[in-house]
Amino acid sequence: MFRKVLVSTSLVLAVTSAAWAQPPKVEIGGLFGYTLADGVSGNPVKAGDGNTYDRVDPRDSMHFGASLGFFLTRSVQIGFLWRRQATSLEVSGTTATDLADINIDGYHFFGAYYFGDPDGKMRLYLLGGIGATHYGGISFPTAAGTKSVNGGMRFSTTWGAGVKMYASENVGVQAGFQWTPTYIKSDAAGWWCDPYWGCYLVGDSQYSNQLEFVGGLTFRF
């Protein structure tokens, strides 16, 4: 009887030790940083203040967000990334003025590759993702009263690189940068003629870009 209990206890300890020895599979991150942003140009519009405006840009500002990742191997990770830039829109032309406050949210599925020793305290990474950027609705005063514009979702990708440094197996910090180009619209750029396909109108695509300097805490389980 004693021998059976001893064997059973040994098996439980062995299984438990093996489970604890497994490398982390899940990573949760809290993100913060600063975003350099630009917008797009359009047809000139004469406003009630007498000025003409032909461009709108989000102002540079802080951002925050979160990430959830799953390790397929000790170097390959897939996951989901959300970040929010709380900023304001600037319209410009013959002059520049703030139009309204706006939240810009990014939602991206991503894949990342980590370089170096899987058990090392520091690992470089490359990241690429696909998803959408949501521009929140805005309200702003006009001569005819307050005007509201609904928000909208636009296709975007995100690309980044950085480093993660681990104080222990489960806790670390990260620093890096990401570039998120968001498709906004296409302007007619002229006609293109081909002897086989014929003539067709071609467009000049415009993207709103966000260059993000990212820091944060990361927790692995």
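The values are calculated or read from the model by the stated rules, or taken from the named source; none is laboratory data. Just so it is clear, the model here is predicted, and its values are computed rather than measured. So basically every Cβ, Gly included, is an ideal-geometry build from the backbone, and we count neighbours across all protein chains shown.
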ask   = Which one is modelled with the highest pLDDT among residues in the range 133-160 that are hydrophobic (A, V, I, L, M, F, W, C) and outside any strand (DSSP E or B)?
value = A144
Subset of the range 98-116 [surrounded by 14 or more Cβ atoms within 10 Å (Cβ to Cβ) and touching a residue at least 40 places away in the same chain (Cβ under 8 Å)] = L99, A100, I102, I104, G106, H108, F110, A112, Y114
task = Would you check which residues across the range 165-176 are within 17 Å of the chain's Cα centre (by Cα) and surrounded by 14 or more Cβ atoms within 10 Å (Cβ to Cβ) and list them?
result = Q174, G176
ask   = How many of the residues in the range 154-164 are of a type outside the set (S, T, Y) and surrounded by 19 or more Cβ atoms within 10 Å (Cβ to Cβ)?
value = 3
message = Quick check on my filter: what residues within the range 96-122 are in contact with a strand residue (DSSP E or B) (Cβ under 7 Å, 6 or more places away or on another chain) and either among the aliphatic types (A, V, I, L, M) or in a loop (DSSP other than H, G, I, E, B) (or both)?
response = A96, L99, A100, I102, I104, A112, F115, G116, K121, M122
